[in-house]
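> Submitted below is the structure of interest, expressed as structure tokens.
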Amino acid sequence: MNYDDFADLYDHQYDIYRDDLHFYAGVAERTGGPVLEIGAGTGRVTAFLARRGVAVTGIEPSARMIERGRARAAADGLSLNFVQGDAQTFRLEERFGLALAPFNALMHLYTPGEQLAALHNIHAHLAPGAAFVFDLYLPHFGKMNTVRHEGETFYAADGSRTDVFLVQRHDKPRQHITTEYHADTAHTDGRLTRRHYTLTQRYYTRFEMEWLLRHAGFEAPRVTGSFHGGPLDTHSEVMVFQTRAI
């Protein structure tokens, strides 16, 4: 997934997402750092941790996402440590006391080979006994192959309005969900323009992920159904995994 073209819409959609921030900040503050963040995006979590004095390094494959994240951080008086790279192949000399992969970052690994390569690489960058904490969404999808507007409307300073429509397609054998976004902008001069983006994610089952973690050298994880704890059940929207490197 190349997020370079997707960066602006991504920020519009998720900049106000706060469900996970205090959870990850609590984990990082209890650990004390240094912290490695996988899939840092434009620094939503990275900046939140940095404001609290956490030494955090964010791994992000998209140059455009990093550029946008640094610009936003600078406007807030922050300097964030981003490294361009992907979860499978990045290489750093430092070993970390904690790795985080917030907001479905591991869902951009599409095959078992890619998943294990990334988990082994993350493990190699952790000190013995260091924690690895991440979340994944559960596969509760809307109506497939249907254009939907889910309430995402953005207004620009020039008075233009952008509405985001989406179509989802589900590849069950490969556990892929592909979302096509159509961002339609109504300009003040009456023009209507459209930008199109495609996002494919690979979802997991709980026990599949537990097996992958054990195979990559991690302890059996603690799994909860929310960022506030509690069991994973049919009403959960997210799986939160907490494990340690053996």
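The values are calculated or read from the model by the stated rules, or taken from the named source; none is laboratory data. Just so you know, these numbers come straight off a predicted model, no measurement behind them. Here the Cβ is made from the backbone with ideal geometry for all residues, glycine too, and neighbour counts use every protein chain on show. Remember, those area values only see protein heavy atoms, side chains included, never the ligands or the DNA or RNA. Shrake-Rupley method; radii C 1.70, N 1.55, O 1.52, S 1.80 Å.
> Would you mind finding the longest exposed-site-free stretch of the chain, with exposed GluC sites (Glu not before Pro) meaning DSSP loop and at most 14 other Cβ atoms within 10 Å?
95-236
> Hey, if you put +1 on the Cβ of every Lys and Arg and -1 on every Asp and Glu Cβ in the chain, which of Phe165, Gly151, Gln115 ends up farthest toward the positive end of that dipole?
Value computed over the given set: Gln115.
> Go through the range 207-216 residue by residue and turn each phi into a ³J(HN,Hα) via Karplus (6.51, -1.76, 1.60, θ = phi - 60°); whole Hz please, and just put x for glycine and proline.
With coefficients 6.51, -1.76 and 1.60, one gets 6, 4, 5, 4, 4, 4, 4, 5, 5, 8 Hz.
> With a 1.4 Å probe and all protein chains left in place, how much accessible area per residue does the chain have, in Å²?
Per-residue value: 49 Å².
> Residue by residue through the range 152-161, what is 3J(HN,Hα) from phi via Karplus (6.51 cos²θ - 1.76 cosθ + 1.60, θ = phi - 60°)? Round to whole Hz and write x for glycine and proline.
9, 10, 10, 10, 9, 5, 7, x, 6, 10
> In the range 53-85, which residues have a backbone nitrogen under 20 Å from the label point lying 7 Å from Asp15's Cα in the Cα-to-Cβ direction?
Under 20 Å, as judged by backbone N against the label point of Asp15, lie 62-82 of the range 53-85.
> In debye to the nearest 20, how big a dipole does the chain give about its Cα centre with +1 on each Lys and Arg Cβ and -1 on each Asp and Glu Cβ?
300 debye
> Find the relative contact order for the range 94-182 and round it to a whole percent, using C-alpha pairs within less than 8 Å whose residues are 6+ positions apart.
After rounding, I find 25 percent.
> Which ³J(HN,Hα) values in Hz, rounded to whole numbers, follow from the phi angles of the range 57-74 under the Karplus curve 6.51 cos²θ - 1.76 cosθ + 1.60, where θ = phi - 60° and Gly and Pro get x?
Along the range 57-74, the couplings run 10, x, 8, 8, x, 8, 4, 5, 5, 5, 4, 5, x, 5, 5, 5, 5, 4 Hz.
> Quick one: longest stretch of the chain between exposed loop trypsin sites (Lys or Arg not before Pro), exposed meaning at most 15 other C-beta atoms within 10 Å and loop per DSSP?
That gives 192-246 as the longest site-free run.
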